[in-house]
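Below is one structure, written out as structure tokens, with a few remarks after it.
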Amino acid sequence: MNPLVPYFLADFVPTLIHLSYLLASVLFILGVKRLSSPATARSGNRLAALGMLIGVAVTLFDREIISFQYIIAGILIGAVIGAVLARKVKMTSMPELVSMFNGFGGIASALVASGEYFRIAPAVFATHELTALAVSLLVGTMTFTGSLVAFAKLRGIIGGAPVVYPGYKVVNTLVLVAFLVFTTLFFLDPANMGLYLVLAGIALLIGLLLVLPIGGADMPVVISLLNSLTGLAAASTGFVLNNHLLIVSGTLVGAAGLILTLIMCKAMNRPLFNVLFGSFGGNGVDADLPGTPDGKTVKEVTASDLAVMAAYARRVVIVPGYGLAVAQAQHAVREVADMLEARKVDVRYGIHPVAGRMPGHMNVLLAEANVPYPQLFDMDDINKELPKTDLVLVIGANDVVNPDARLNTSSPIYGMPILNVDQAQNVVIFKRSMNTGYAGIDNQLFYADNSYLFFGDAKKSLEMLQESLKEL
Amino acid sequence: MDLLIVNLFIFVLAAFVGFEVISKVPPTLHTPLMSGANAISGITIVGALLVASHTGCVITCHLGFIAIIFATINVVGGFMVTDRMLEMFKKKEDK
């Protein structure tokens, strides 16, 4: 008997809880709906948070809850850790934080499903309950280890390059076979807790093996997919507990992650299967690959020449990439943009969907540097403007502006939608050195007649540009 | 069996609503969408609360306790960091 509920209310409480869950579900949906515009997004997030508060608060009145010491302790610990993480994280590190949260969400769902299993076992399970249980366990647990690997790659704890070893495909196949065998055995003998633990171990391994061979620059896809899986794990746990609020919210998150995954794959022009199992690409930053090929020359530009080009342009489009985040150059970019705007230059930002390490990464960085969001343009919108643009500044981006994707049918990135910066009057590429992008392929853009290179660390280069602009 | 059918109905309908609503989120807000989704997937905390407080607890309530911690990190951290990000999206700089 729940100590919070007076006995004469006990009959009404279950209905009230269900109605409150319905209200919470509605608040989640309305909250996400308000994310359709930056103007309403913040209130949407708060609506969703209110929904969560209602969902948690009414659950405390559930008749199955009889003691609170674990609950209070757990919530306190979790809230402190969560609040510290949310406050301390740098905007450049958002991909790491989201990866970590993906992992936590996954393992929490797997633990809840496991708790329910150990509570009921060795009593009898229906097949659909077992299915839901197995899905929660597998998806939640593999999301956990997969996300930890993604986190480690993003953080640079392990290299961003795909981790492959001879025969890794054989190992993966064996693990998959082992998983199928043990799942079958578990369905035949659901009361066998040992089998359950073996399944959990295999699921941990699957997460590791799935993400290790994926390159750092494919992280936008991986993070989106893991995000989707945490939702799926929560929804599946909802099936285990017959809890509708979990099903609705988990499904909502699953849909969000899946949509983002598909958008990212489309923006790379690669099917999901190829991203997951193709072991494509390296780190994206300074791969040790050949410099300038023979017979081609690049033109370098100095800060003072660039300042003149920029100051007398009518329209300048800035194309940021992961290099901008690495160099922490978002504020320097904004200051250059301010100086140009003071000279009545029309400054816009063109953002490729897979620029950075997660969907929308560049937008958040630029918002942090106080760039007004109406200046942030999506690929399709900015591509219409580029032929009418005097100067494009490419900062820390490479493959997403490679015209080979449009022109060279033999290029590995042929068909990938790109920002057509080569159609602008002039292009200046901020680069650390003549290395290739993560795809490891040469970029014809660098040798084009209207292209100039500005070598150096993006932040320092932008500061030099600021100095030169001041002197004009 | 009835319960399963109801659950499936809810699942499928929620998936359609999710796709409909989320496909309208602009690319500019994709990062806050993900961190917000992280927070919402912390809904598993509701399950964790139920699991953590069962009588005659041997393993279950310990698993539930750990689940509460992880899920609360997601809920609190997710909503807070999303709020922090969305605060930065402004039309014009106001100083």
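Coordinate-derived values only; no laboratory data. Worth saying up front: this structure is predicted, and the values here are computed from it rather than measured. Note: ideal-geometry Cβ built from the backbone for every residue, glycine included; neighbour counts use all protein chains shown.
Neighbouring Cβ atoms within 10 Å as the yardstick, rank A:Ile77, A:Ile157 fewest first. Working shown, then result.
Numbers: A:Ile77 16, A:Ile157 10.
Ranking A:Ile77, A:Ile157 by Cβ neighbours within 10 Å, fewest first, gives A:Ile157, A:Ile77.
Expressed as an acute angle from 0 to 90° and rounded to the nearest 10, what is the orientation of the C-alpha long axis of helix A:38-59 relative to the principal long axis of chain A?
20 degrees
So how do B:Cys57, A:Cys265 line up by other beta-carbon neighbours within 10 Å, fewest first?
With the fewest neighbours first, B:Cys57, A:Cys265 line up as B:Cys57, A:Cys265.
Select from B:Leu50, A:Asn172, A:Leu232 the residue farthest towards the positive end of the dipole of the protein assembly as shown; place +1 on Cβ of Lys and Arg, -1 on Cβ of Asp and Glu, and compute about the Cα centre.
Towards the positive end, the residue furthest out is B:Leu50.
Round to the nearest 10 and give me the degree value, 0 to 90, for the angle of helix A:168-188's Cα axis relative to the longest principal axis of chain A.
Roughly 20 degrees, rounded to the nearest 10.
What's the exposure ranking of B:Lys92, A:Lys33, A:Lys266, going from fewest to most Cβ atoms within 10 Å? Display every interim value, and only then the final one.
Numbers: B:Lys92 9, A:Lys33 18, A:Lys266 14.
So the residues, fewest neighbours to most, are B:Lys92, A:Lys266, A:Lys33.
Which residue, A:Tyr117, A:Asn102, A:Ala57, has the largest displacement toward the positive end of the dipole of the protein assembly as shown when charges sit on each Cβ (Lys, Arg +1; Asp, Glu -1)?
Highest projection toward the positive end goes to A:Ala57.
Cross-link candidates for B:Lys24: which lysines have Cα within less than 26 Å, leaving aside residues fewer than 8 places away along the same chain?
A:Lys33, A:Lys266, A:Lys384, B:Lys90, B:Lys91, B:Lys92
Taking only Cα atoms, what is the 0 to 90° angle, nearest 10, from helix A:219-241's long axis to the longest principal axis of chain A?
10 degrees
Between A:Asn242 and A:Leu22, what is 0.36 nm times their sequence separation minus the Cα-Cα distance? Round to one decimal in nm. Provide the component values of the computation, followed by the final result.
Numbers: separation 220, 0.36 × 220 = 79.20 nm, distance 1.40 nm.
Residue separation times 0.36 nm, minus the Cα-Cα distance, leaves 77.8 nm.
Going by a ≥ b ≥ c, the root eigenvalues of the Cα gyration tensor, does chain B fall in the rounded group (a/c under 1.5), the prolate group (a/b larger than b/c) or the oblate group?
Working: a/c = 4.77, a/b = 1.49, b/c = 3.21.
It comes out oblate by the Cα gyration axes.
When chain B is treated as a GNM, springs tying every alpha-carbon pair under 10 Å, which of B:Val21, B:Val81, B:Val46 comes out with the largest mean-square fluctuation?
Its mean-square fluctuation being the largest, the pick is B:Val21.
Around A:Val427, which amide H atoms from residues at least 5 apart in sequence, or from another chain, sit under 5 Å from its own amide H, with H modelled in the peptide plane?
When sequence neighbours closer than 5 places are left aside, the close amide H contacts are A:Val392, A:Ser451, A:Tyr452.
Calculate the dipole size of the protein assembly as shown relative to its Cα centre from +1 charges on Lys and Arg beta carbons and -1 charges on Asp and Glu beta carbons; express the result in debye to the nearest 20. Mind dumping the intermediate values first?
Working: 37 positive and 38 negative charges, 126 e Å.
For the protein assembly as shown, the charge dipole is close to 600 debye.
For the range A:303-471, evaluate the Debye formula with one uniform point scatterer on each Cα (no solvent term) and list log10 I(q)/I(0) at q = 0.10 Å⁻¹, rounded to two decimals.
-0.32
Setting aside same-chain residues fewer than 8 positions from A:Lys459, which lysines have a Cα under 18 Å from its Cα?
A:Lys90, A:Lys431, A:Lys470
Any idea how far apart A:Asn269 and A:Thr409 come out in nm if each label point goes 7 Å out from Cα toward Cβ?
For the pair A:Asn269/A:Thr409, the computed spacing is 1.3 nm.
Which of the listed residues, A:His128, A:Leu262, A:Ala48, is farthest toward the dipole's positive end in the protein assembly as shown, when Lys, Arg count +1 and Asp, Glu count -1 at the beta-carbon?
So the residue furthest toward the plus end is A:Ala48.
Would you work out the charge dipole size for the range A:303-471 about its Cα centre, treating the Cβ of every Lys and Arg as +1 and the Cβ of every Asp and Glu as -1, and quote it to the nearest 20 debye? Don't skip to the end; give the middle numbers.
On the way: 15 positive and 20 negative charges, 20 e Å.
I would put it at about 100 debye.
Restricting to DSSP H runs of at least four residues, report the calculated mean residue ellipticity at 222 nm for chain A, -39500 (n - 2.57) per run over all residues, nearest 500 deg cm²/dmol.
Working: 17 runs with 273 residues, N = 472.
One gets -19000 deg cm²/dmol as the mean residue ellipticity at 222 nm.
Compute the distance from the alpha-carbon center of the range A:25-39 to that of the range A:315-380, in whole Å.
A separation of 26 Å, based on Cα centres.
About its Cα centre, what dipole magnitude does the range B:4-95 give when the only charges are +1 on Lys and Arg Cβ and -1 on Asp and Glu Cβ, stated in debye to the nearest 20?
Numbers: 6 positive and 5 negative charges, 47 e Å.
Roughly 220 debye, rounded to the nearest 20.
Please enumerate, by chain and number, the lysines with C-alpha under 19 Å from the C-alpha of A:Lys388, excluding those fewer than 8 residues away in the same chain.
A:Lys344
Hey, could you pull the Cα Rg and Dmax for the protein assembly as shown, both in Å?
Using the Cα atoms of the protein assembly as shown, the pair Rg, Dmax is 25.3, 89 Å.
Describe numerically, in nm with one decimal, the distance between label points set 7 Å from Cα along Cα→Cβ at B:Phe9 and at A:Thr40.
Here the answer is 2.9 nm between the modelled labels.
Using a Gaussian network model of chain B with C-alpha springs under 10 Å, which one of B:Ile69, B:Ile43, B:Ile59 is most mobile by mean-square fluctuation?
Per the Cα network of chain B with a 10 Å cutoff, B:Ile59 tops the list.
Roughly how many nanometres apart are two label points built 7 Å out from the Cα toward the Cβ at A:Ala10 and A:Phe455?
Inter-label distance under the simple model: 8.1 nm.
State the extension gain, in nm to one decimal, for the chain segment bounded by A:Gln328 and A:Phe187, taking 0.36 nm per residue of separation less the distance between their alpha-carbons.
On the way: separation 141, 0.36 × 141 = 50.76 nm, distance 5.17 nm.
Computed gain between A:Gln328 and A:Phe187 is 45.6 nm.
What is the gain in length, in nm to one decimal, between A:Leu174 and A:Ser93 on full extension, counting 0.36 nm per residue of separation less the C-alpha to C-alpha distance?
Details: separation 81, 0.36 × 81 = 29.16 nm, distance 3.53 nm.
Length gained between A:Leu174 and A:Ser93: 25.6 nm.
For the range B:29-55, list residues with backbone N below 20 Å from a point placed 7 Å from the Cα of B:Glu87 toward its Cβ?
B:29-40
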